[in-house]
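FYI, it's all coordinate maths here, none of it is from the lab. All values derive from a computational prediction rather than experimental measurement. Cβ sites come from the backbone with ideal geometry, for glycine too, and all protein chains shown count toward neighbours.
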């Protein structure tokens, strides 16, 4: 009997080559640009943590008052998140993301005029309203270009903007506050808000001219590349035909509410750390705003490496749940260990574990809901999960500040963040593996 070798289907190799070439072009065209936009967004969202080092004493803000102001951002974010994402789904990402960035840039600059606790609260709320829809809008935008089996790596790459913004933004914020303090009668924190707001406005204008709303609109792709990309997205949408497509059906889906719980727990750990990192580092014995900025960048360097490694591993193995559970548990351990650290070095090691685990959970999480949401329901569902989850961005800083005022130490707040991450991990394990591991 003669053995016959079956030849690969005609066109199989060129099709694969065309697919790789198309996704490479998509990546270099949109992902670095979106990362830069998110670096700017995240910097303007959390630079209040550095402003606190000067602003609290000048304005007489208590720890709890600062926590409320830092967190009230997410109330505005929560109220306007779903409407913003639904509007973006109708008018297109190019126009809507540009509007968001210009608006938040203007409001972020207005923080230099903060003169009281009330003004601080109002501006933080308005900043949340202005930025509502940006992050879930980007996630929705990426689902229009990348299928599920490529999405974890792309989302983690995009969200590596979080540690990048801290790696460069923390020292920059400290440098601006030290260098410009007293210039023209303004405090360093006022100059920091003004200077760091300018890139948001510039990138907002650039977004309108640079982004393409759909694969079909991309003039930098040839017809074959558009065909390959579109076929992959259409094939995935066909798989999702049993998923809710309407807004009402999405918001009453039990899976969506489970996603809200999981994301809430992870965000509680993330923002509880981000908003208080400079204060925790200062409490460990570091002095000088620039030094605090440099030291507090170390945990985010670790986070950057871990995020990219986990995203690549999740896509390669097509496993989602344990790639969330393990870093969350490690982060919880880091928070607990930080409470008994006896030196700055040990404290930074513990905070590095906490940051790398807690912040890495966010991008890895989004491979769960985007595996089953589709249509208009995807726009509403992603926004709803993000808005409910980000309520933890209000609760986390407030509770950490309240517990610090009440107990006089950071320990109780760190235990709270650790507990939230463990609860989120347990909730992840209730998600059927077959529904998300693809």
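Taking region 382-427, how much of its Cα-Cα pair set, in percent, is spaced more than 18 angstrom apart?
Counting every Cα pair in region 382-427, those more than 18 Å apart make up 37 percent.
Taking R0 as 35 Å, what FRET efficiency do you get between residue 144 and residue 426 from their Cβ-Cβ distance, rounded to the nearest 0.05?
Values: r = 33 Å, r/R0 = 0.93.
Efficiency for this residue pair is about 0.60.
Based only on the alpha carbon positions, what is the Kirkwood hydrodynamic radius of region 246-321, in angstrom? Don't skip to the end; give the middle numbers.
Values: mean 1/r = 0.0642 Å⁻¹.
One decimal place: 15.6 Å for the Kirkwood radius.
What's the percent breakdown of Cα-Cα distances in region 129-218 across 10 Å bins, shortest bin first?
Percent of pairs per bin, in order: 13, 33, 31, 16, 7, 1.
Measure nothing but the geometry: give the 0 to 90° angle between the long axis through the Cα atoms of 48-59 and the longest principal axis through the Cα atoms of the chain, rounded to 10°.
20
Once you have all Cα-Cα distances for the chain, histogram them in 10 Å bins from zero and send the whole-percent values.
Per 10 Å bin, starting at zero, the Cα-Cα P(r) for the chain comes out as 5, 22, 32, 24, 11, 4, 1, 0, 0, 0 percent.
Could you tell me how many degrees, from 0 to 90 and to the nearest 10, lie between the Cα long axis of helix 375-389 and the main elongation axis, the longest principal axis, of the Cα atoms of the chain?
30
Let me check the size of region 187-321 from its C-alpha atoms; what are the radius of gyration and Dmax in Å?
Considering region 187-321 through its Cα atoms, Rg and Dmax are 21.8, 60 Å.
Based on other C-beta atoms within 10 Å, arrange 321, 316 from fewest to most.
316, 321
Taking 41 Å as R0, compute the FRET efficiency from the Cβ-Cβ separation of residue 21 and residue 62 and round it to 0.05.
Calculated transfer efficiency: 0.10.
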